[in-house]
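K.L.:
Structure below; questions to follow.
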Amino acid sequence: MLDHLIKGATVVDGTGTPSYTADVGIRDGRIAVVAPPGTVTEEARSSEDATGLVLAPGFVDPHTHYDAQLFWDPYATPSLNHGVTTVAGGNCGFTLAPLNPERPADADYTRRMMSKVEGMSLVALEEGAPWSWSSFGEYLDALEGRIAVNAGFMVGHCALRRYVMGEDAIGGQPTPAQLERMVALFHEAMEAGAWGFSTTQSATHSDGDGQPVASRHAAPAELLALSRAVGEHEGTQIEAIVAGCLDQFSDAEIELLVGMSAAAGRPLNWNVLTIDAAVPERVPRQLVAGARAREAGGRIVALTMPILTPMNMSLGTFCALNLIPGWGDILGLPVPERIEKLRDPGVRAEMLRRADSKEAGVFRRLTHFGRYVIGDTYSPANEGLTGRVVQDIAAERGQEPFACLVEICANDRLRTVLWPMPTDNDPDSWALRAETWQHEDVLLGGSDAGAHLDRMCGAPYTTRFLGDCLRGRTLMGLEQAVKMLTDDPAQLFGLRERGRIEEGWHADLVLFDPERIDAGKATLVHDLPGDSPRLDSKAIGINAVWVNGVETIREDVVTGAVPGTVLRSGRDTRTVSTK
């Protein structure tokens, strides 16, 4: 007997081939039958009429930071609401394990680091996760059987370094014995089912003490040793971040990434390729890495987002503005001193000069302050400004836009919510995106879901992209768009029997209305442990989501079921070799 029968759906199976109408039956977590409408004779415990609706494979998000959130939110919201049934975690060199049992304080260091570098609520990290593990395998076991999505995790370089080197991980180099222990520890994690190795060399990544995170101190020899270890295990990957990911790679960075992928004989993905027609040289430069990797026996894949991600900023909290060269020192001051500095015309002039410099890279996109929209305000002086554009307010007041923005924020003691309007929302940039998405070394993704919770909301990229393809810019046909969200990432990660609608494959499925599918406006909610805030977005037009054959979402509401699997390398992934 079938567990459930979906009748008369328009099946978009993930392969990119034309859609077709079919009945799809689920049994024991698998797709048991795909047949012409009305031809399934086997009885079903339940069924539904899906006429006019699209049935697609569950979406695969290749870059998330749900490592902690899954403990207090096993549904990985809002990703699951938006049809994501499989998430890749442990990215950017940051994981919650392994933790050295001889140094209990390392857990506190890790929490503070994650709070700073990935914008996670410190209270939520402290109260929402059990922190009961030491080894990476124990961390995976702590999630097993209690999550609603399928989740695989890389091993973070920072945790490996901290475990072996302690405080010397910041600024130090491992002895031969320490490097050997680091590699052995990594092997242990891989044998427990970790997906691979992740690291960061990005100048934007600092720990809770404001110091460069541990992996940033690693020399190429260390990175290559760990990369070689990746290649000794089945179904594994590398994910790496370098400073040039934000704008354009240096030759040395390309050489490093190519060397890591070739040493492992495994794909390496990086995040995130920003596409902007105003900087036409960026995409060709970034894709040089993939071409050189192929020549060396490796493979390098760029992740890029198919939407413009809503961002919530402030001069009062750590956000992307802090990462503009020269801005962090000022925005890190106590609020009264910060306001005094920001009100100084000379200080503002120097900040704007640094923000417009070449070293600011992709952050230059954030410095068109006249285009910012004012969000929530908190003082009588700012009454009526919510929803207004800064350049309009500045014109009324006879002020320069940045000076105007500073005064508005100062009135709120810097609590004002700011919404930057993207500068790359033009037809030429969208045409360049559509062209770039077709490249063999480009993959859609990079949501950062689970991180930067009160500042950005990338999780709904799946529904927003599909809505745009069906009823907006129509840059991509439905079948190809679904393939880019399902089979393409599943193939990169070597997921076994996931990413397509095919008999015998895991029943990870999304049923949606093509006339309505979209994502709602990002809104701030307080539903994290400790009443901490995050941005959320409602899924529109998603009728139901199944994970391993069990309904987990119905009409944007979680069902309470937790059928997800902790996906382990080898068992749940096959090797995607670059050789």
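K.L.:
Report the equivalent ellipsoid semi-axes for the range 99-226 in whole Å, largest first, defined as the square roots of five times the eigenvalues of the gyration tensor built from alpha carbon atoms. The partial results should precede the final answer.
P.N.:
On the way: eigenvalues 99, 69, 37 Å².
Taking √(5λ) for each Cα gyration eigenvalue gives 22, 19, 14 Å.
K.L.:
Let me ask another. Projected area of the range 263-364, taken from the Cα convex hull and averaged over every viewing direction, in nm²?
P.N.:
Numbers: hull surface 35.1 nm².
Mean shadow area of the hull around the Cα atoms is 8.8 nm².
K.L.:
May I pose another question? Using a probe radius of 1.4 Å on heavy atoms only, what accessible surface per residue do you get for the range 57-155? Whole Å² is fine. Please list the in-between numbers first.
P.N.:
Numbers: 2270 Å² over 99 residues.
In whole numbers, the range 57-155 has 23 Å² accessible per residue.
K.L.:
On to the next question. Report the full-extension gain for the segment TYR378 to ALA105: residue separation times 0.36 nm, less the Cα-Cα distance, to one decimal in nm. Mind dumping the intermediate values first?
P.N.:
Working: separation 273, 0.36 × 273 = 98.28 nm, distance 3.78 nm.
Computed gain between TYR378 and ALA105 is 94.5 nm.
K.L.:
With labels modelled as points extended 7 Å from the Cα through the Cβ direction, what inter-label distance (nm, one decimal) is found for GLU503 paired with VAL123?
P.N.:
Going by the 7 Å Cα→Cβ label model, 5.4 nm.
K.L.:
Using a 1.4 angstrom probe on heavy atoms only, work out the carbon and sulfur share of the accessible area of the chain in %.
P.N.:
On the way: 10240 of 20620 Å².
Whole-percent figure for carbon plus sulfur exposure: 50.
K.L.:
Follow-up. Which value in deg cm²/dmol, rounded to the nearest 500, describes the helix-derived mean residue ellipticity at 222 nm for the chain, given -39,500 (n - 2.57) per DSSP H run of n ≥ 4 and division by the residue count? If you can, show how the numbers build up before the last one.
P.N.:
Working: 18 runs with 176 residues, N = 579.
Computed mean residue ellipticity for the chain: -9000 deg cm²/dmol.
K.L.:
Would you mind working out the accessible area per residue for the range 417-489, using a 1.4 Å probe, and quoting it in Å²?
P.N.:
On the way: 2320 Å² over 73 residues.
Here the per-residue accessible area is 32 Å².
K.L.:
Now a separate question. Step through the residues of the range 102-115 one at a time and calculate ³J(HN,Hα) from phi using the Karplus curve (6.51 cos²θ - 1.76 cosθ + 1.60, θ = phi - 60°), rounding each to whole Hz and writing x for Gly and Pro.
P.N.:
Each residue's phi maps through the Karplus curve to give 7, 10, x, 5, 5, 5, 5, 4, 5, 4, 5, 5, 5, 5 Hz.
K.L.:
Leaving ligands, DNA and RNA out of it, rank TYR20, TYR372 by accessible area with a 1.4 Å probe, largest first.
P.N.:
TYR20, TYR372
K.L.:
Full-extension gain between VAL347 and ARG146, please, as 0.36 nm times their residue separation minus the C-alpha to C-alpha distance.
P.N.:
Details: separation 201, 0.36 × 201 = 72.36 nm, distance 5.10 nm.
Taking VAL347 through ARG146 to full extension adds about 67.3 nm, to one decimal.
K.L.:
For the range 438-579, calculate the relative contact order in percent as a whole number, restricting contacts to Cα pairs under 8 Å that are 6 or more residues apart. Numbers along the way, then the final one.
P.N.:
On the way: 212 pairs, mean separation 30.4, N = 142.
Across the range 438-579, relative contact order equals 21 percent.
K.L.:
If you split all Cα-Cα distances of the range 210-269 into 5 Å bins from zero, what percentages do you get per bin, shortest first?
P.N.:
Computed distribution, short to long bins: 4, 18, 27, 25, 16, 7, 2, 0.
K.L.:
Still on this model: Work out the P(r) tail for the chain: percent of alpha carbon pairs separated by more than 48 Å, whole number. The partial results should precede the final answer.
P.N.:
Numbers: 16295 of 167331 pairs.
For the chain, the fraction of Cα-Cα distances above 48 Å is 10 percent.
K.L.:
With a Cα-only, solvent-free Debye model of the range 369-515, what are the log10 I(q)/I(0) values at q = 0.09, 0.11, 0.17, 0.21 Å⁻¹?
P.N.:
Normalising to I(0) and taking log10 leaves -0.46, -0.64, -1.03, -1.28.
K.L.:
Oh, and also: What size of dipole, in debye to the nearest 20, comes out for the range 363-518 about its Cα centre when the only charges are +1 on Lys and Arg C-beta atoms and -1 on Asp and Glu C-beta atoms?
P.N.:
Values: 17 positive and 26 negative charges, 87 e Å.
The dipole magnitude comes to about 420 debye.
K.L.:
Oh, and also: Mark the label point 7 Å from the Cα of ASP426 along Cα→Cβ and return the residues of the range 344-386 whose backbone N is within less than 11 Å of it.
P.N.:
Of the residues in the range 344-386, none has backbone N under 11 Å from the label point off ASP426.
K.L.:
How big is the dipole moment of the chain about its Cα centre under a simple scheme where the beta carbon of each Lys and Arg is +1, that of each Asp and Glu is -1, and everything else is neutral? Debye, nearest 20, please. All intermediate terms of the calculation are to be shown ahead of the outcome.
P.N.:
On the way: 52 positive and 78 negative charges, 163 e Å.
My answer is approximately 780 debye.
K.L.:
Using the Karplus equation 6.51 cos²θ - 1.76 cosθ + 1.60 (θ = phi - 60°), what ³J(HN,Hα) coupling, rounded to whole Hz, does each residue of the range 24-35 give in order, writing x for Gly and Pro?
P.N.:
Listing the rounded values in order: 10, x, 10, 8, 6, x, 10, 7, 7, 8, 10, 9 Hz.
K.L.:
Please report the equivalent ellipsoid semi-axes of the range 377-439, computed as sqrt(5 x eigenvalue) of the Cα gyration tensor, largest first, in whole Å.
P.N.:
Numbers: eigenvalues 222, 35, 17 Å².
Square roots of five times the eigenvalues give 33, 13, 9 Å.
The values are calculated or read from the model by the stated rules, or taken from the named source; none is laboratory data. As the structure is a computational prediction, the values presented were derived from the model and not from experiment. A quick note on method: Cβ atoms are made from the backbone with ideal geometry, for glycine too, and the neighbour counts reach across all protein chains shown. The protein model used for the area step is the full one, side chains on, heavy atoms only, and it has no ligands, DNA or RNA in it. Shrake-Rupley method; radii C 1.70, N 1.55, O 1.52, S 1.80 Å.
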